[in-house]
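Enquirer: This is the structure I want to talk about, given as structure tokens.
The values are calculated or read from the model by the stated rules, or taken from the named source; none is laboratory data. It should be emphasised that the depicted structure is a prediction, and the values quoted were computed from it without experimental measurement. Cβ placement follows ideal geometry from the backbone for every residue including glycine, while neighbour counts extend to all protein chains displayed.
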């Protein structure tokens, strides 16, 4: 599956690793699991790791937009880690869809992104 979730820091931080090209079916597992974590922990800190990521199909873009609007207030901090220039632009693109503080990190600085997420 191109979307993998991993809990860290007792579940308050969620690492979402995406790879390949996301399709609508990828959200069938991701959304309920994310919602389960929000139900347990409240606001989450998310590391969106885009190593080897090539984008979304049209159906997946629609589901991703619905997800973002539904969880507008559920993410406290969002670290985006990527390896391509368009992925860096995602940090700016995402701002209207969330109340989270967003920061982009080059994938080589993944540990720095995790450290930033853990800050008080």
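Enquirer: Check whether at least one residue in the range 28-50 is more than 27 Å from residue 120 (Cα to Cα), in contact with a strand residue (DSSP E or B) (Cβ under 6 Å, 6 or more places away or on another chain) and part of a strand (DSSP E or B), and report yes or no.
Expert: no
Enquirer: Scanning for something free of Cβ contacts under 8 Å to residues at least 60 places away in the same chain, farther than 16 Å from residue 5 by Cβ and touching a helix residue (DSSP H, G or I) at 6+ places or on another chain (Cβ under 7 Å), does the range 27-48 turn up at least one residue?
Expert: The answer is no, given that none of the residues of the range 27-48 is free of Cβ contacts under 8 Å to residues at least 60 places away in the same chain, farther than 16 Å from residue 5 by Cβ and touching a helix residue (DSSP H, G or I) at 6+ places or on another chain (Cβ under 7 Å).
Enquirer: A follow-up question, please. Against the condition assigned to a helix (DSSP H, G or I), buried (at least 19 other Cβ atoms within 10 Å of the Cβ) and modelled with pLDDT of 95 or more, how does residue 113 come out, does it pass? Step through it out loud before you land on a result.
Expert: On the way: assigned to a helix (DSSP H, G or I): yes; buried (at least 19 other Cβ atoms within 10 Å of the Cβ): yes; modelled with pLDDT of 95 or more: yes.
Yes.
Enquirer: Also, quick follow-up: Go through (1) surrounded by 14 or more Cβ atoms within 10 Å (Cβ to Cβ); (2) free of Cβ contacts under 8 Å to residues at least 60 places away in the same chain; (3) under 23 Å from residue 105 (Cβ atoms) one by one and return the number of the condition residue 24 breaks.
Expert: (3)
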